[in-house]
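J.: Attaching a single structure in structure tokens format; questions to follow.
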Amino acid sequence: MSIEPYIRDVPDFPKPGILFKDITPLLQSPEGLRRSIEGLTELVDPESYDLVVGIESRGFIFGTALAHHLDKGFVPIRKPGKLPWKTASESYELEYGKDTIEIHVDAFEPGPRALIVDDLLATGGTAEAALKLVRRVGGEPVACAFVIELSFLPGRQRLDVPVHALMKV
Ligand code: AMP
């Protein structure tokens, strides 16, 4: 059930020196998409969480499909200024500069236990900020699940919940 054949490596995107992991071949293949959603289902016990939280924007694709597959709700974590209701926000350091993510303050009314989903774990800065944000609005993150983990980077060491990935490079 490997998803590896469906991940395309694109050198020097979006800037020189980055080997970008392109998930579009995975999405456009019915078999690849099925493997990724069924694989995410098996990574973390679905009984252990109430909601799936996805990080903009590729986390939305996998997170929503996973939530639908398991008959659970979905909560978006978005870039600043996109969510229309009351929000909490969290800023974090990037290699150059800062980034901010936001969540609605009433995101966990359906239940507090959250699985955080994104396409890729690199430095862990985005997921670490997502964990803080979820807790700030009353959520209880139970785990983080990624399609791909860049295991040559220490991203998972920054995350204080169990970390799972379908594919490690
Ligand atoms: P980080 O906060 O460093 O863990 O970066 C994670 C975010 O950046 C994810 O949302 C990824 O979509 C994106 N990202 C970082 N590095 C790559 C890469 N090599 N290929 C594809 N996406 C990446």
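The values are calculated or read from the model by the stated rules, or taken from the named source; none is laboratory data. Remember, predicted model here, so these are calculated numbers, not experimental data. Methodologically, a virtual Cβ is constructed for each residue, glycine included, from the backbone with ideal geometry; neighbour enumeration extends over all protein chains shown. Note: accessible area is taken over every heavy atom of the protein model, side chains too, but ligands, DNA and RNA are not part of it. Shrake-Rupley method; radii C 1.70, N 1.55, O 1.52, S 1.80 Å.
J.: Report the FRET efficiency, 1/(1 + (r/R0)^6), for Glu42 and Lys132, where r is their Cβ-Cβ distance and R0 is 35 Å, rounded to 0.05. Working shown, then result.
T.: Numbers: r = 27 Å, r/R0 = 0.78.
Approximately 0.80, to the nearest 0.05.
J.: Once fully extended, how much extra length lies between Leu94 and Arg34, figured as 0.36 nm per residue of separation less the alpha-carbon to alpha-carbon distance?
T.: Working: separation 60, 0.36 × 60 = 21.60 nm, distance 3.24 nm.
Gain in length upon complete extension: 18.4 nm.
J.: Right, another one. To the nearest 500 deg cm²/dmol, what mean residue ellipticity at 222 nm is calculated for the chain from DSSP H runs of n ≥ 4 alone, each contributing -39,500 (n - 2.57), summed and divided by the residues? Please report the intermediate quantities before stating the final value.
T.: Working: 4 runs with 43 residues, N = 169.
After summing the helix terms and dividing by the residues of the chain, the value is -7500 deg cm²/dmol.
J.: I would also like to ask the following. For the chain, what is the convex hull volume of the alpha-carbon atoms per residue, in Å³? Before the final figure, lay out each step's value.
T.: Values: hull volume 18.9 nm³, N = 169.
Spread over its residues, the Cα hull of the chain gives 112 Å³ apiece.
J.: Let me ask you something else. Using DSSP, restrict attention to beta bridges with both residues in the range 46-168 and report what percent are antiparallel, rounded to the nearest 5. Spell out each step's value before the answer.
T.: Values: 8 of 30 bridges.
Among the beta bridges of the range 46-168, antiparallel pairing accounts for roughly 25 percent.
J.: With an 8 Å Cα cut-off and a minimum separation of 6 or more residues, compute the relative contact order for the range 46-168 in percent. The partial results should precede the final answer.
T.: Working: 262 pairs, mean separation 29.7, N = 123.
With pairs under 8 Å counted, the relative contact order is 24 percent.
J.: Considering only Leu51, Phe108, Leu40, whose Cα is most displaced toward the positive end of the charge dipole of the range 1-140, charges sitting on Cβ of Lys, Arg (+1) and Asp, Glu (-1)?
T.: Projecting each Cα onto the dipole axis, the largest value belongs to Phe108.
J.: Using the crude model of +1 on Lys and Arg Cβ and -1 on Asp and Glu Cβ, and no other charge, please compute the dipole size for the range 63-169 relative to its Cα centre, in debye to 20. List each step's numbers first, then the result.
T.: Numbers: 13 positive and 14 negative charges, 20 e Å.
So the magnitude is around 100 debye.
J.: Just the number, please: carbon plus sulfur as a percent of the accessible area of the range 2-147, 1.4 Å probe, no ligands or DNA/RNA counted.
T.: On the way: 3740 of 7210 Å².
C and S fraction of accessible area: 52 percent.
J.: If packing is taken as the average number of other Cβ atoms within 10 Å across a peptide's residues, how do 59-69, 148-158, 9-19 rank, most packed first?
T.: Values: 59-69: 20.5, 148-158: 15.8, 9-19: 9.6.
Final packing ranking: 59-69, 148-158, 9-19.
J.: Measuring with a 1.4 Å probe in the full set of protein chains, what accessible area per residue, in whole Å², belongs to the range 1-105? All intermediate terms of the calculation are to be shown ahead of the outcome.
T.: Values: 5980 Å² over 105 residues.
In whole numbers, the range 1-105 has 57 Å² accessible per residue.
J.: Here is a follow-up. For the range 93-169 and the range 1-46, what is the separation of their Cα centres, given in Å?
T.: After rounding, the separation between the Cα centres reads 18 Å.
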